[in-house]
Amino acid sequence: MPRAWLNAALFLSVLASEPAQACRMRAQLVLDDVKFADVVLVGRISNYSIVRDNAQRQRMLSLPNLRPDMRKLYQDPKQTLIWDYARFDVQVDEVLFGKAPRRLSVTWDNSTFEEPSELSSGPFLIALRDPTSRIPPLRGPSATIQPPRKPGRLTVLQAPCAGPFIFEPTSDNARAIRQILKEGSQSR
């Protein structure tokens, strides 16, 4: 086996047996990234839940050389892992940009892998993007970008390793986003 292939195989086996270090550092939230959104709305959240990727957990647990501490991690039902994501419904009160029905189901593939176990109903200003749309650029030294969990559903806008575009509707960030959207509509 050529040395390059051996090194690649060794790297992949280590990667598969270690927890992902997706974001070594948090990236700065850039509110202008709202320009990557397909829909920006104000609405209330319901049916929030974390969707566990049990198939990936089983694949990891089937590795014969998995360290005991990693086995314990993958078996822990309370542990949220890199492959998990959040899903919730939004009752739309106001559409600020794009088009949205009065109620929609969305996903949150959190690039910092820190989805909260619970989320209040809000209301929140939420920016969403189609999973096939461009994403904001990476502004930090590392990131892991997961494929879309539900390709037909909108997902929360979030640059790799930065915070999500979910804000209290009266917050400074929400006011700034409204201003960015207003200026964008005037320049069209």
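Read-outs throughout are calculated quantities, based only on the coordinates presented, and are distinct from any laboratory measurement. Here the structure is a predicted model, which is why all the values come from computation and not from measurement. Virtual Cβ from ideal backbone geometry, glycine too; neighbours counted across all protein chains shown.
Any residue that is closer than 28 Å to Glu168 by Cβ, touching a residue at least 12 places away in the same chain (Cβ under 8 Å) and in contact with a Pro (Cβ under 7 Å, 6 or more places away or on another chain) - is there at least one of those in segment 50-64? Talk me through it step by step, then tell me what you get.
Restricting attention to segment 50-64, the residues satisfying the condition of being closer than 28 Å to Glu168 by Cβ are 50-51.
Now drop any that are not touching a residue at least 12 places away in the same chain (Cβ under 8 Å), which leaves 50-51.
Among the residues that remain, those that are also in contact with a Pro (Cβ under 7 Å, 6 or more places away or on another chain) are: none.
Within segment 50-64 (the criterion being closer than 28 Å to Glu168 by Cβ, touching a residue at least 12 places away in the same chain (Cβ under 8 Å) and in contact with a Pro (Cβ under 7 Å, 6 or more places away or on another chain)), the answer is no, since none of the residues qualifies.
Selection of segment 22-74 for residues being assigned to a helix (DSSP H, G or I), in contact with a strand residue (DSSP E or B) (Cβ under 8 Å, 6 or more places away or on another chain) and farther than 22 Å from Gln179 by Cα yields an empty set.
May I ask you to list the residues in segment 96-112 that are farther than 26 Å from Gln28 by Cα and either free of Cβ contacts under 8 Å to residues at least 12 places away in the same chain or not in a loop (DSSP other than H, G, I, E, B) (or both)?
Here is the first cut: in segment 96-112, the ones farther than 26 Å from Gln28 by Cα are 99-105.
Once the filter is applied, which keeps residues that are farther than 26 Å from Gln28 by Cα and either free of Cβ contacts under 8 Å to residues at least 12 places away in the same chain or not in a loop (DSSP other than H, G, I, E, B) (or both), segment 96-112 yields Pro101, Arg102, Arg103, Leu104, Ser105.
Scanning segment 70-100 for residues that are surrounded by 16 or more Cβ atoms within 10 Å (Cβ to Cβ) and among the β-branched types (Val, Ile, Thr), we see that the one that is farthest from Pro169 (Cα to Cα) is Thr80.
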